[in-house]
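So the structure is just underneath, and the comments pick up after that.
The values are calculated or read from the model by the stated rules, or taken from the named source; none is laboratory data. A quick note: this is a predicted structure, and the numbers were derived from the prediction, not measured. Cβ placement follows ideal geometry from the backbone for every residue including glycine, while neighbour counts extend to all protein chains displayed.
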Amino acid sequence: MTDELGIRRERALRAAVEQGLVSEGEPVVGLLDVTGIEHATTALQAAFATPGVEITHTFAVKAASLVPVLALLGACGLGAEVASPGELALARAAGIPAGRTVLDSPAKTVSELRQALVLGVAVNADNPQELARIDALRTAVPGTAAPVGLRVNPQVGGGTIGAMSTATATSKFGVALRDPGAEEWVLRAYAERPWLNRLHTHTGSQGVPLDLMAAGVRAAYELAERINQAAGRQQITVLDIGGGLPVNFGSDETTPAFADYAGLLRREIPGLFDGRYGLVTEFGRSLLAKNGSVLARVEYAKSAGGRPIAVTHAGAQVATRTVFVPDAWPLRVLALDEKGRPKDGDPVVQDVAGPCCFAGDLVAKGRPLPLLAAGDHVALLDTGAYYFSNHFAYNSLPRPAVWGYAVHADGKVAFSPVRTAQTEAELLTESGAGLPPLHRGQ
């Protein structure tokens, strides 16, 4: 499977150059492997499939906020995990039904909550104040059948990337279970609301090891058992265990795999799969990262202080995390020639720079690669999640086009548009062009 991914990618990179997808006019594009995405969803579903257990796999929309991608995932049977009105609108535009949509956010407004309840979107309340808002809305909007749960922070600790760890002692997410009086309040909240039938937890994403993820799920499961015991019935019927499977950015290997995580959960928390609970997952990066590449032209090749530098059109505007936190978010870089083919030659230590006007705009520093020259290309690998949907508009650089690709049996590559490149007119409108000028104060 790994070899197949690499073969499809190599053919797509070359075809993108040959077919003019990357050019002087559009010197950077995103590419998504449709077959790879389908394989990833199949692997997820197979890993968790359990007779008698209803499982809803949702995709974290923030990882790829692109309607055609969401529609593809929906066609593969996935739902959507959304965290804003915009993400909910994208999921709806992609045809994701409300029954397969979950709303998570630490800052939901009353209008957002009302919309979700009216539509029948599942809501995970983040805190006591939000739960009180839901109480009032359920009274004002009688008859709503939207499932409602509570997000808890099991406070089991953080991974290697603090910003990605959501189950630390002071995380902003959910009800902190180990704080004094917190669990007592949770038990009381469920006892007072017979309709509150879900429980949600999410330990984090990149940098969080599987055993820590499982510890967070175990804490939520054990809490659900106590809530149900206190209620004398199966009040909590669904456990939302979040997502967060980390991605190996060092090779084409998919490690850890969904099967590794599901297997660990089965061993550590067997009651999770005995049929008493429905399950919801919210994976994002692990479904798409391996199936995307950023392809960019090398505009200039120069040197400074004896260090060769390839100046490309892929920098902080598309690889924001990699540029600003390179140790946590390193990317593999492929050196390609002017026709998009893998470049030959002995490795030469060089920097791969982006187009942004600040010195730190480097996607790779001191990286041994075949020496890049003007007119060549680079591909940033494992960029299918976040890199296409979290554009950083530094220097008013436009959002690049994104294309999906499929490689046919005869080796030919067919591209389908996912997002067109942002035009100058769109950039101007976004930046307030056409609005009246500001007037100086008198």
Filter pass, A409 being part of a loop (DSSP other than H, G, I, E, B), out of contact with any Lys or Arg (no Cβ under 6 Å at 6 or more places or on another chain) and not acidic (D, E): yes
Looking for something touching a strand residue (DSSP E or B) at 6+ places or on another chain (Cβ under 6 Å), in a helix (DSSP H, G or I) and either crowded, with 21+ Cβ neighbours inside 10 Å or free of Cβ contacts under 8 Å to residues at least 40 places away in the same chain (or both) - is there at least one such residue anywhere in region 213-223? yes
E4 vs. criteria over 22 Å from P417 (Cβ atoms) and surrounded by 14 or more Cβ atoms within 10 Å (Cβ to Cβ): yes
Pull up region 189-207, narrow it to residues that are among the hydrophobic types (A, V, I, L, M, F, W, C) and in contact with a helix residue (DSSP H, G or I) (Cβ under 7 Å, 6 or more places away or on another chain), then point me to the one that is surrounded by the most Cβ atoms within 10 Å (Cβ to Cβ). L199
How many residues are crowded, with 22+ Cβ neighbours inside 10 Å and either acidic (D, E) or farther than 20 Å from G120 by Cα (or both) when one looks only at region 52-67? 2
Go through region 368-392 and give me each residue that's closer than 27 Å to T254 by Cβ, surrounded by fewer than 19 Cβ atoms within 10 Å (Cβ to Cβ) and at pLDDT 95 or above. P368, P370
Scanning region 120-132 residue by residue, those assigned to a helix (DSSP H, G or I) and crowded, with 16+ Cβ neighbours inside 10 Å turn out to be E130, L131
Mind telling me which of the residues G360, G366 ends up being without any contact (Cβ under 8 Å) to a residue 60 or more places away in the chain and touching a helix residue (DSSP H, G or I) at 6+ places or on another chain (Cβ under 8 Å)? G360
I'd like to know if region 304-314 contains one or more residues that are assigned to a strand (DSSP E or B), out of contact with any Ser or Thr (no Cβ under 9 Å at 6 or more places or on another chain) and among the β-branched types (V, I, T). yes
Under 6 Å between Cβ atoms, at least 6 apart or on separate chains: pull out the pairs that start in region 26-48 with a residue that is over 16 Å from T2 (Cβ atoms) and among the aromatic types (F, W, Y) and end on any residue that is surrounded by fewer than 24 Cβ atoms within 10 Å (Cβ to Cβ) and modelled with pLDDT of 95 or more. F48/I55; F48/A262
The lone condition N228 fails out of (1) at pLDDT 95 or above; (2) assigned to a helix (DSSP H, G or I); (3) crowded, with 19+ Cβ neighbours inside 10 Å is (3)
Could you tell me which numbered condition A80 fails, if it satisfies all but one of (1) assigned to a helix (DSSP H, G or I); (2) without any contact (Cβ under 8 Å) to a residue 24 or more places away in the chain? (1)
Out of the residues in region 145-164 that are in a loop (DSSP other than H, G, I, E, B) and crowded, with 18+ Cβ neighbours inside 10 Å, state the one that is modelled with the highest pLDDT. P147
Members of region 253-303 that are in a helix (DSSP H, G or I), of a type in the set (G, A, S) and closer than 19 Å to V333 by Cα: A289
Just need a number here: residues in region 284-297 that are buried (at least 24 other Cβ atoms within 10 Å of the Cβ) and out of contact with any Asp or Glu (no Cβ under 9 Å at 6 or more places or on another chain). 6
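Residue-wise test of (1) in a loop (DSSP other than H, G, I, E, B); (2) touching a strand residue (DSSP E or B) at 6+ places or on another chain (Cβ under 8 Å); (3) surrounded by fewer than 19 Cβ atoms within 10 Å (Cβ to Cβ); (4) of a type outside the set (A, V, I, L, M).
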position: V69; (1), (2), (3), (4): no, yes, no, no
position: E87; (1), (2), (3), (4): no, yes, no, yes
position: I96; (1), (2), (3), (4): yes, yes, no, no
position: S111; (1), (2), (3), (4): no, no, yes, yes
position: R114; (1), (2), (3), (4): no, no, yes, yes
position: V118; (1), (2), (3), (4): no, no, yes, no
May I ask you to list the residues in region 393-412 that are surrounded by 15 or more Cβ atoms within 10 Å (Cβ to Cβ) and more than 29 Å from A316 (Cα to Cα)? V407
